[in-house]
Structures are given as structure tokens and as C-alpha cells.
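Here is the structure we will look at, set down as C-alpha cells.
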Amino acid sequence: MKNFKFLVYPYLIWAFIIIVIPMIMIAVYAFTVKGNDVMTFKFTLDNFKEFFADAIFLKVLERSLIVALITTVICIALGYPAAYIIANIAGEKNKFTMVLLITIPTWINMLVRTYAWLGILQDNGLVNTILKALGFPALKLIHTDFAVIFGMVYNFIPFMILQIYTSLTKMDKSYLEVAEDLGANKVQCFLRITLPLSLPGVISGITLVFLPAVSSFFIPKLLGGGQYVLIGNVIENQFLTAGNWNFGSAISLIMAVVMIFLMWLTKKADKDPAAEKGGV
């Protein structure tokens, strides 16, 4: 095995280039003054003070966390039944097809898929055209909270379904057989066996949905019409429009700390009770 250790070096070099170096640059810009020279660095906390002192930025951060939380809850509510049906109810021949149908949209760029829904939800789009044909009044769907959250759920729910599905398929079915032999009904089997054993998949799904949702910027920009600003939009604006890389880096660093904290929480919640008690 030692002879193959050298194979990890290209990966470490690549990870250093695309992860470590950019994070170092973000940290340097975050703790230096605007327009700093590369050769002269002046340490400051003004970028962080500006963020926490402005109620507008804190409100945007709060809105981003709420939108990400709502998106995650909806993905769990819709994704768990879908994953359960695929894993336990659908026949063996249909499982592959259903998983493929869920996976296929992820093969298309997320930006392209969001643009497609922009056309479907707009005032003269497909949804309102169908409503008018059925005699119903047109609805204001685009540039609303509904459009943004819908776009988030549509783009991220496959990750939730696949994580829960994987957890359910790996579950030892003998537990259910033993429970049924002891007189447990289907509801009790689900609540006491299936649900607890599938929680690792749920927690992994939460990580894959909540973290990208809280930092998403093009979904609220397109479906929210630029009027629905989340923290990702603020960061994008600081880098591309305002040209204030230092303040944008400070916000990025704050979000990185928030995400690391959230990942720590999910990892803590994902501890194996049996392992903690010394079980097999």
C-alpha cells in the first residue's frame, strides 16, 4: 500500500491550488484596506465592522438563512416520501428508471435549468397560458418569494432524494422482519426502525441542500428579478459591480465561518448512537 502513496500527491497539489490559495487570498483581502498594494498590507477589521454595523446586511443574512431553511424543510418533506417510494415500494425494474429521472436534470447546468423556469413562470409563460386556457386568472409568479424558493427546491431536491434513497437501500431489512415478528405494525416499524436508520441520509441531504441554498446568488437574481437580494447577491455585487474586493472577501469569510459551524452541527447530529455506546 505504501508504494501507492505517491498517487495522492497530484490531488493534494490540485486541492492546494483550487482551495487553499483562494481561501488565503480571501483572508488577505478581508483583513486589509480597500485598494491595498500587493507589497504593502495594512491590517484592519473595518470590513467586518462595516458588515455587522449595517442592519441592512444583517437583514439580508437573516433572509438568506430563512430562505435556505424553508428550502431545506420543503426538500425533506417532498424528498423523503419520494426516496421511500423508490427504495421500498417501486419494483426492482422501476428503481433504476426512477433514479435516472431524478438524476437526469442534474446533468444540465443549473443556470440553464433556472433560465428555463424563468420562461415558464413569467407573466406570459407556460403556467399562465394554461391557466388562461382553463378560464382562470393569471398569477404573478415571477419575481416573488414563491419563484425564488421554488427555484431553490427544484435545483437542490435531487441531492436530498438521492442521499435518503442511498441510506434506505443500505438499511438492513432484517430489523423490519424481526419487528414484525414481535408484533410491530407498519407505522411502528417506520417510526422506530426505518426513520432512525435513514437519518444519516437526511442529515447528508440537509448539508447538500442548506449550504448551497444559503449562498446561492443566480437563482434569486433571475427568479427574483434582482429585487430579491440574498447574501450571495451582496457578495457578487461587491466583487463585480462595486469593485470592493476587501468587503466582499470579508462577507465571504463570514459565510465560510457560518457554513463550517453548520457543518459541525450536522456532523454532531450524525453521530452513531451505537458507536458512542460501544455497540457493534
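The values are calculated or read from the model by the stated rules, or taken from the named source; none is laboratory data. Predicted, not measured: the structure shown is a model, and the values here were computed from it. Cβ atoms come from the backbone with ideal geometry, glycine included; neighbour counts cover every protein chain shown. Note: accessible area is taken over every heavy atom of the protein model, side chains too, but ligands, DNA and RNA are not part of it. Shrake-Rupley method; radii C 1.70, N 1.55, O 1.52, S 1.80 Å.
Here are the numbers:
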{"read-out": "Unit charges at the beta carbon, dipole of the chain: most positive-side option, Leu58, Ile161, Leu240", "value": "Ile161"}
{"read-out": "Inter-centroid distance (Cα atoms) of the stretch 176-191 relative to the stretch 10-36, Å", "value": "53 Å"}
{"read-out": "Among (1) 17.7; (2) 14.4; (3) 22.7, the entry that matches mean projected area of the Cα convex hull in nm² as calculated here", "value": "(3)"}
{"read-out": "Kirkwood Rh (inverse of mean 1/r, distinct Cα pairs), the stretch 92-219, angstrom", "value": "17.6 Å"}
{"read-out": "Accessible surface, per residue, of the stretch 24-130 when the full set of protein chains is kept, probe 1.4 Å, Å²", "value": "63 Å²"}
{"read-out": "The chain - percent of accessible surface contributed by carbon and sulfur, probe 1.4 Å", "value": "70 percent"}
{"read-out": "Candidate lysines for bridging to Lys34, where Cα separation is under 28 Å - those fewer than 8 sequence places away on the same chain excluded", "value": "Lys42, Lys49, Lys59, Lys221"}
{"read-out": "Of Lys95/Lys132; Lys186/Lys267; Lys173/Lys267; Lys95/Lys173; Lys186/Lys268, those spanning more than 27 Å from alpha-carbon to alpha-carbon", "value": "Lys95/Lys132; Lys186/Lys267; Lys186/Lys268"}
{"read-out": "Gain on full stretching of the segment that runs from Phe96 to Leu134 - 0.36 nm per residue minus C-alpha separation", "value": "10.1 nm"}
{"read-out": "Value of [θ]222 nm, deg cm²/dmol, for the chain, DSSP H segments ≥ 4, -39500 (n - 2.57) each, nearest 500", "value": "-21000 deg cm²/dmol"}
{"read-out": "The chain, relative contact order in percent, only Cα pairs under 8 angstrom and at least six apart counted", "value": "26 percent"}
{"read-out": "Residue among Trp117, Ile193, Thr71 farthest towards the positive dipole end of the stretch 71-195, charges placed on Cβ", "value": "Trp117"}
{"read-out": "Helix 21-30 vs. the chain, principal-axis angle (Cα, 0 to 90°, nearest 10)", "value": "50 degrees"}
{"read-out": "Heavy-atom accessible area order for Ile219, Ile206, largest first, 1.4 Å probe", "value": "Ile206, Ile219"}
{"read-out": "Along principal axes, Cα extents of the stretch 129-280, largest first, whole Å", "value": "64, 53, 17"}
{"read-out": "Cα long-axis angle, helix 55-84 against the chain (0 to 90 degrees, to the nearest 10)", "value": "20 degrees"}
{"read-out": "Degrees between helix 145-169 axis and first principal axis of the chain (Cα, 0 to 90, nearest 10)", "value": "50 degrees"}
{"read-out": "Rounded Å value of the spacing that divides the Cα centres of the stretch 99-157 and the stretch 47-80", "value": "22 Å"}
